[in-house]
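The values are calculated or read from the model by the stated rules, or taken from the named source; none is laboratory data. As the structure is a prediction and not an experimental result, all values here were calculated from the model. Cβ sites come from the backbone with ideal geometry, for glycine too, and all protein chains shown count toward neighbours. The area values use the complete protein model at the heavy-atom level, side chains included, leaving out ligands, DNA and RNA. Shrake-Rupley method; radii C 1.70, N 1.55, O 1.52, S 1.80 Å.
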Amino acid sequence: MVNKKIAKKGSWIIFLLCCIFGELHAQDDFTTWTSLKIVHRPVSGLTVAGKFELRTKDSMKSFDRWGFAAEANYQIFSFLKAEAGYEIHHRDRGNEGWKFRHRYRVGATGSVKWQHFNFSLRERFQQTFSNGNVESRLRSRLKAGYSPQRGIVSPYFSIELYQAIGDAAFWDVARMRYRPGVEIDITDRWSLDVFYCYQYEPDKKKHIAGVELSLIHISETTRHAQNSYAVFC
């Protein structure tokens with residue numbers, strides 16, 4: 001009975017997010033991000049993950065890109081986690097056609113818990129290689145989430161700032177992302193992340209509807225440890 005009530009509340013949250021997407025659809029570019037992620041914890045403190053993602057653009061009239069990503073996280077301390085990852089994207093570049101680009105990233109996340117609230121600050125450095133060009137960015141994300149003692153729905157909100165590295169425009173805002181969403185524990189092994197993301201850039205703005213389905217596997221030797229894994233964005 002409790003799970004049914006919680007699931008009903010989660011459905012209402014998803015419905016409200018969809019209403020927001022509909023209202024914002026006519027204002028700026030409306031896009032979607034859909035992904036499937038596989039998460040594994042081979043040993044205590046170490047998490048590895050792989051993800052396939054598909055993105056649309058131009059109000060869902062065309063595909064923007066598809067890509068694969070792989071990453072590893074290690075819990076150094078209870079409050080500090082290190083990460084490293086690699087991504088490959090196949091993007092629609094308009095008149096140039098579809099082009100591949102590669103990206104690697106490293107970073108660290110500091111977190112603190114207070115009652116049922118979780119707060120974290122992630123600093124991530126990434127470099128993207130495309131057609132002989134290299135783009136370096138520093139991504140700073142502040143995230144707040146609520147995890148009820150009993151329940152399957154955990155709402156969160158994050159703000160992420162992109163800054164350019166290697167030129168005089170470091171202090172200029174290259175990109176901002178504002179992302180409210182809900183994480184839903186469907187079963188012990190399956191979870192769903194449903195979110196809305198407003199992306200601001202000086203020359204363009206996007207409204208993003210996102211869904212990420214995750215399959216989580218924990219080895220028997222680490223099943224007693226608390227499961228923690230990083231969310232791609």
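Observations on the structure shown:
- Two-site label geometry, Asp92 and Phe125: point separation in nm, points 7 Å out along Cα→Cβ: 3.5 nm
- Relative to one another, the C-alpha centroids of the range 117-167 and the range 197-221 are positioned 10 Å apart.
- Residue order for Arg101, Arg150 - accessible surface, 1.4 angstrom probe, largest first: Arg150, Arg101
- Among the listed pairs Lys57/Lys113; Lys37/Lys57; Lys51/Lys204, a Cα-Cα separation exceeding 25 Å is found for Lys57/Lys113; Lys51/Lys204.
- FRET efficiency, Ile76 to Asn133 (Cβ-Cβ, R0 25 Å, nearest 0.05): 0.15
- In this calculation the C-beta distance from Leu46 to Ile186 is compared with R0 = 22 Å, giving a FRET efficiency of 0.35.
- By definition, a body whose alpha carbon gyration tensor gives a ≥ b ≥ c is prolate when a/c is 1.5 or more and a/b is larger than b/c, and the range 117-224 fits this prolate description.
- Accessible carbon and sulfur surface of the range 99-200 relative to its total accessible area, %, 1.4 Å: 59 percent
- Rg ratio (alpha-carbon, reference 2.2 N^0.38 Å) - the range 71-156: 1.44
- Each peptide in 207-218, 89-100, 73-84, 33-44 receives the mean, over its residues, of other Cβ atoms within 10 Å, and ordering these scores from highest gives 207-218, 33-44, 73-84, 89-100.
- Relative to the current alpha-carbon distance between Asp29 and Phe100, full extension at 0.36 nm per residue lengthens the span by 23.3 nm.
- Compared with the direct C-alpha span, the chain from Val211 to Ala84 gains 43.4 nm at full extension, assuming 0.36 nm per residue.
- Sequence-distant aspartates and glutamates (8 or more away, or on other chains) whose Cα lies within less than 13 Å of Lys205: Asp28, Asp29, Asp58
- Average accessible surface for the range 79-193: 57 Å² per residue, computed with a 1.4 Å probe over protein heavy atoms with every protein chain in place.
- Taking each residue as 0.36 nm, the span from Tyr178 to Glu201 lengthens on full extension beyond its C-alpha to C-alpha distance by 7.1 nm.
- Packing-based ranking, highest mean first, of 45-58, 115-128 given that Cβ atoms within 10 Å are counted: 45-58, 115-128
- Note on Trp114 and Ser62: with the Förster distance fixed at 35 Å, the Cβ-Cβ geometry gives a FRET efficiency of about 0.20.
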